[in-house]
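What follows is one structure encoded as structure tokens, with my remarks underneath.
The values are calculated or read from the model by the stated rules, or taken from the named source; none is laboratory data. None of the values given here were measured: they were computed from a predicted structure. All Cβ positions, glycine included, derive from the backbone under ideal geometry; neighbour counts span all protein chains shown.
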Amino acid sequence: MSIEVHNLTKIYGEQKAVNDISFSLNKGEIVGFLGPNGAGKSTTMKIITGYLKADGGSAKVAGVDVSADPIAVKKKIGYLPEANPLYYEMYVKEYLEFIGGVHKISNLRSQISNIIELTGLQVEQKKKLGQLSKGYKQRVGLAAALIHDPEVLILDEPTSGLDPNQIIEIRNVIKQQGQNKTVLFSSHILQEVEAICDRVVIINKGQLVADDNLQNLRRKGNSSNVVRVSFKEALEQEWLSRLSAAKATNKLDAFTWTITTDNPELMRKQLLELALQHNLNIVSLQTDSQSLEDIFRQLTKVSK
């Protein structure tokens, strides 16, 4: 295991920020770490990276106990914290030289060149950090996390402040690094998690509420489906409500409806029968699969 978390607990006063959680990651996995604000994500990441001490349980990175040898663990980890602290008076290359020197990288000059190209910093590499946009500052933080070629990447909101084009570029970097590294990253952009990860770990109020791949989570949480239907003609809501497979109906516009159902196949059949009965023309008919956002809301008890 590249990351092992067992019964991890962190207490602030009377609040358990992290409450007895356990999970593990294998080499080559890219795992999304999700939860609402204040759920304990950043606290857990700081414990794994050795920046915070746990009040209970344990965390290991590449077999090394974090509490026993935090320096050895930090050598194996590339960490991009949410705050992304930088020395704004330093130039981009100067900062990367500083970080590389801390890690005692022997081929530092060529490694800096490679990392600048990998993270798309070529255009801004001669600027001071304080002159960079938030998106480019985020790229510098990612470059600093990667410069020593770590076994494990811990990324806390890595695409924060990036524009859509930059997000795609960083997403590709994370995917590439995940081929031979272990990546644990948090994000509030759930579409990014769906695009990058097959597996997610979700915590809520310090407790683990899910640890599974997306396919299983959708199957477990998909007790109700949503069928979206568009007609060429307007129709009465009462007609849809009478259908036995319909649990709830929602009018999107004069011709388009979404229908919640436990049996999407029967629902589709009943809609076709309804169209024949009332001489209606169906323009489109589809079952919307449950998104990660739907799963997240269910598990963290956030109502729509």
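Which condition number in (1) over 23 Å from VAL173 (Cβ atoms); (2) buried (at least 16 other Cβ atoms within 10 Å of the Cβ); (3) at pLDDT 95 or above; (4) not hydroxyl-bearing (Ser, Thr, Tyr) is the one that GLY35 fails?
(3)
If I ask for residues that are over 15 Å from ASN225 (Cβ atoms), hydrophobic (A, V, I, L, M, F, W, C) and part of a helix (DSSP H, G or I), which ones from the stretch 241-288 would you list?
LEU272, LEU274, ALA275, LEU276
Anything in the stretch 176-200 that is within 9 Å of the chain's Cα centre (by Cα) and not in a helix (DSSP H, G or I)? List them, or say none.
Listed by number, the residues that qualify are LEU184, PHE185, SER186, SER187, HIS188, ILE189, CYS197, VAL200.
For the stretch 87-113, what are the residues that are of a type in the set (Val, Ile, Thr) and either under 29 Å from the mean Cα position of the chain (by Cα) or outside the structural domain of LYS75 (by TED's automatic domain parsing) (or both)?
Scanning the stretch 87-113 gives VAL92, ILE99, ILE112.
State all residues of the stretch 253-304 that are free of Cβ contacts under 8 Å to residues at least 24 places away in the same chain and either farther than 28 Å from GLN215 by Cα or touching a helix residue (DSSP H, G or I) at 6+ places or on another chain (Cβ under 6 Å) (or both); if no residue qualifies, say none.
Result: ASP253, ALA254, LEU272, GLU273, LEU276, GLN277, ASN279.
Based on this model, can you work out whether LEU214 counts as aliphatic (A, V, I, L, M), at pLDDT below 85 and more than 30 Å from ASN279 (Cα to Cα)?
Judged against the criteria, LEU214 is a match.
Here are the criteria: (1) at pLDDT 90 or above; (2) under 15 Å from the mean Cα position of the chain (by Cα); (3) among the hydroxyl-bearing types (Ser, Thr, Tyr). Tell me which single one THR159 does not satisfy.
(1)
Just one of (1) over 30 Å from PHE23 (Cα atoms); (2) assigned to a helix (DSSP H, G or I); (3) not acidic (Asp, Glu) trips up LYS104, so point out which.
Status for LYS104: all satisfied but (2).
Go through LYS46, LYS76, LYS60, LYS53 for me and flag whichever is in contact with an Asp or Glu (Cβ under 6 Å, 6 or more places away or on another chain) and either under 21 Å from LYS10 (Cα atoms) or among the hydroxyl-bearing types (Ser, Thr, Tyr) (or both).
LYS60
Mind listing just one residue for me: the one in the stretch 3-16 that is at pLDDT below 95 and in a strand (DSSP E or B) and, of those, surrounded by the fewest Cβ atoms within 10 Å (Cβ to Cβ)?
TYR12
Taking the stretch 107-138 as the search range and keeping residues that are among the small types (Gly, Ala, Ser) and assigned to a helix (DSSP H, G or I), which one is nearest to ILE170 (Cα to Cα)?
The extreme case among them is GLY135.
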